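Below is one structure; the comments refer to it alone.
Coordinate-derived values only; no laboratory data. Just so it is clear, the structure is predicted and the values come from calculations on it, not from any experiment. Neighbour counts run over all protein chains shown; Cβ positions are idealised from the backbone, glycine included.
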Amino acid sequence: MDKTRLLKSDCTRLGVLMGLCLALGVYLIATTVLISKDGVFYIGQAQAFPLDPLGVTQRHPPGYPVLLWIAHATAGLFIRSDSVSSWIHVSQSITLLCRVLTLIPLYFLGKSLVGGARAFWAVLILIVLPYPARFGSDVLRDWPYVLFLSMGFWLLYWALRRQAWWMFSLVGLNTAVAYSIQPAATQLVIYALLGFAIVLRRDAESCVCAEGRPSRPGPLAAAALLVAGFAGPVLPFAFATGTLIPHPLRPPTFNSPPVIVSVGGKGASRDPLEFEIREGELLEVGIEASDSPGDDLKFSLAAVPAGSRPVYQFRLTASGDRFVTISDDEKDTLLEMYPPAVRDYDGIVCYAYARADVRSDLEPVHRLWSPGRQRHLYTTSLSEKDALLAESSKGLWTYEGIAFYAFAEGRQPPDAVPVRRFANMETVPDNDTNKGEVTWCVHMAGKPPAGMSMEGRTLRWRPGPGQRGEYGINLIVSDGELESCQLMKMTVVGPEMAVSGPLTAPPPANPQAATGNPQSTYAGLGRLPGAVDRLFDGFAESLMVFFLAPWCVGLYYRMRHDADALERVLMTAVIVVNAGLMLGRYVWVAPTMERRYCLPLVALTIFYVPIGLEHIALWLSRKGVSGDEQLSSKQFSRWFLILALIGIGICLPKLLMPRYAEMDCEVKAIQWLRDRTHAVDVIAVPDSRLTFYAQRTGLVYRGVVDPRRADYIVRIAVSDAVTPPSDWSQEYSVPTHDRRGRILTIYKTHRRRG
């Protein structure tokens, strides 16, 4: 067969494969109920890219979000819509296009390895595998990554076969593009080095120069071209963004504060929780709290004046500027946005007031910012504030509003301490009269009332005679670095008075289980057995189990009998590297093994499935031949076709089955949130898709959620697994369709916005 006929044959095969892949992909997009959780994240990154390109590239590999943004911007030239549905459909379409294009390098790679006919069957099987097909019609980066991974591997194999060393510059550039999507693409460099070793070993004798020493400049030049092609785009990117290792592969750089869920059976609140107790009776208040890294929590109490709130202080490491805020929301935002390398968190420095009407002797503390000096200034003087703002036309000062309310000097109560301003504008609470100018006065934390103590997670107090009255208490939960607070108002009445609510509210019997923050039994290498088991299950399910045996058989026979040294080394490396990446991720990053992590391994080794089917068909054909009968090619072909069609027949029902039923509860919850909540409401959800489709502000949580930051909380759990705080109202519930019989429940927290 001449080259023209071969080219026509390849074009025909690719046309059939790509047409089938496109048709199935369009069907899957049309029947998609909800995209994946990661898809919501990628679309969010793409939407944020024009506004914060540096932040997007620092938080996550930018290749796939940028691809989505470009696709949506291009579609915007024809469809003027920025709706959620337009983002979803454009993102699904570009991902499907990447899947269809991936068939080209995979087919030609398979043709180079095992021949055109086997490559056709291998790619056909890959197209109908349900899980890889669904990933290609979702908003996931896996198929775009496999597109460039397979392209690079094909170019590499072709260049090594033909010793076309100049091609390695293209391999390097391709690796750089793939790296921007998924850093694991650097595995191509490993394959290139192994390929160089094979070529050098194979040609060692023929490349000996007259002096008797090997002289092989070709692979060395190719290695230089590979490194240059890869480092050329990657190093400037790393210099511009300040990081070479993207966020998903870096260990966490900062801690998150503990979460207080409930106190005495009442949901945590920005407002003080009220408790009443009679003299001589025991009050027990259980605290339900958790910390996402699993750190040991410490509980403490501080007496504070009624109506006051903690003031938190940050220091910018670059300028030394002190920033103080009374807002818990502002504190949480700063802790989430800036790592410790940018700011130091000093915790609670004093207590002040959030409103002027709490006491009659309060003055507003104004906060101003100087961009040039990189410092804040705080003052209660209106004349000073106005004088500074008069210079604002020069860009010297910007007014940021009232930070909190405090006491002017001379009008402070006896328990207040002065805050002094120094020459460098720093303001520090201090009783030393020999230091800087007094600007205002605030409260410091006091000791809790006599007899009040913390025993584990329970506050206990039996007030004695003479302790009637109201007490302001701040409950502080700390993980050793950060803390969360809950203000409480304790009212002690006489023995004859009635009190509202129970006097005893112990903590949950199993706080760890109740908060939903499970501790892993394994750590590090202890997870390895479970990782191997998950890896095998995920790979087998990706091949629909049926094709696993042919894959093993084909790999064994090919490596033992037909493959040359280059194929043996490279394909063994593909299996070892990708399996190692999945195991390493499970052991050291996160104990999860999703099926899509197996996609690169499945795609690059799918060519051994037809070989395995051939050997199994040959074995079955021989079983039907007796005595001296000659085995005919028709019998062999018939058995091969039967086996292939059985496998495809197993895949098609799962591939084509709509997923409406299993997503029914999420769809109903989304509709409820869209119809029954306001646009400004914050919804805490375990699944980001709920608020993404409902077009509401979402607070995604794992395990526990701070009820003070959300207006509604969505929980998915067995009905009796978690008891909600008494002041949450259940607004909606719908059963899920999983085997555990869980229920999706929406609670309203009745929080007050600060």
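Key figures
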read-out	value
Computed label-point distance, nm, for sites T723 and M497 using a 7 Å Cα→Cβ extension	2.7
Order by protection proxy (mean Cβ within 10 Å, highest first), peptides 331-338, 298-305, 133-140	133-140, 298-305, 331-338
Sites M559 and V589 - FRET efficiency at Förster radius 45 Å, r taken between beta-carbons, to 0.05	0.90
Point-to-point label distance, T697-A238, nm (Cα→Cβ direction, 7 Å offset)	3.9
Paramagnetic label zone (point 7 Å from Cα along Cα-to-C-beta, A549; backbone N under 20 Å) in the range 574-610	606-610
Correct option for Cα Rg over 2.2 N^0.38 Å [calculated from the coordinates] among (i) 1.01; (ii) 1.21; (iii) 1.10	(ii)
Linear extension gain, M337 paired with I650, 0.36 nm per residue minus alpha-carbon span	107.8 nm
Mean Cα-pair separation over length for the chain, i.e. relative contact order, pairs under 8 Å, 6 or more apart, %	15
Expected 222 nm ellipticity per residue - DSSP helices of 4 or more, -39500 (n - 2.57), all of the chain, to 500	-14000 deg cm²/dmol
Highest to lowest packing among 597-604, 561-568, scored as the average C-beta count within 10 Å	597-604, 561-568
Extension gain (nm, one decimal) between R460 and D533, 0.36 nm per residue minus Cα-Cα	21.5 nm
Per-pair calculated FRET efficiency, R0 = 30 Å: A117 and L620 via Cβ, rounded to 0.05	0.95
Rounded if a/c under 1.5, otherwise prolate or oblate - the range 255-370, Cα gyration tensor axes	oblate
Cross-link table K385/K447; K668/K748; K447/K748; K266/K668, entries beyond 25 Å C-alpha to C-alpha	K385/K447; K447/K748; K266/K668
The range 520-656 shape via C-alpha gyration tensor axes, a/c threshold 1.5	prolate
For the range 109-115, 3J(HN,Hα) per residue [Karplus equation, 6.51 cos²θ - 1.76 cosθ + 1.60, θ = phi - 60°, Hz, x = Gly/Pro]	5, x, 5, 5, 7, 10, x
Gain upon complete extension [S9, L54; 0.36 nm per residue less C-alpha separation]	11.5 nm
Rounded Å value of the spacing that divides the Cα centres of the range 686-724 and the range 562-595	36
Residues Y660 and I575, FRET efficiency given R0 of 41 Å [Cβ-Cβ distance, rounded to 0.05]	0.65
Phi-based couplings in Hz for the range 446-456 (Karplus 6.51, -1.76, 1.60; Gly and Pro marked x)	x, 7, x, x, 4, x, 7, 8, 10, 10, x
Cα-based shape type of the range 272-330, given that a ≥ b ≥ c are square roots of the gyration tensor eigenvalues and the cut on a/c is 1.5	oblate
Other-chain or far-sequence residues with amide H under 5 Å of T379's (modelled H)	H366
Coarse-grained scattering of the range 626-743 at q = 0.20 Å⁻¹, given as base-10 log I(q)/I(0) from a Debye sum over alpha-carbon atoms	-1.13
Label-point gap, in nm, between R202 and V680 - each point 7 angstrom along Cα→Cβ	7.1
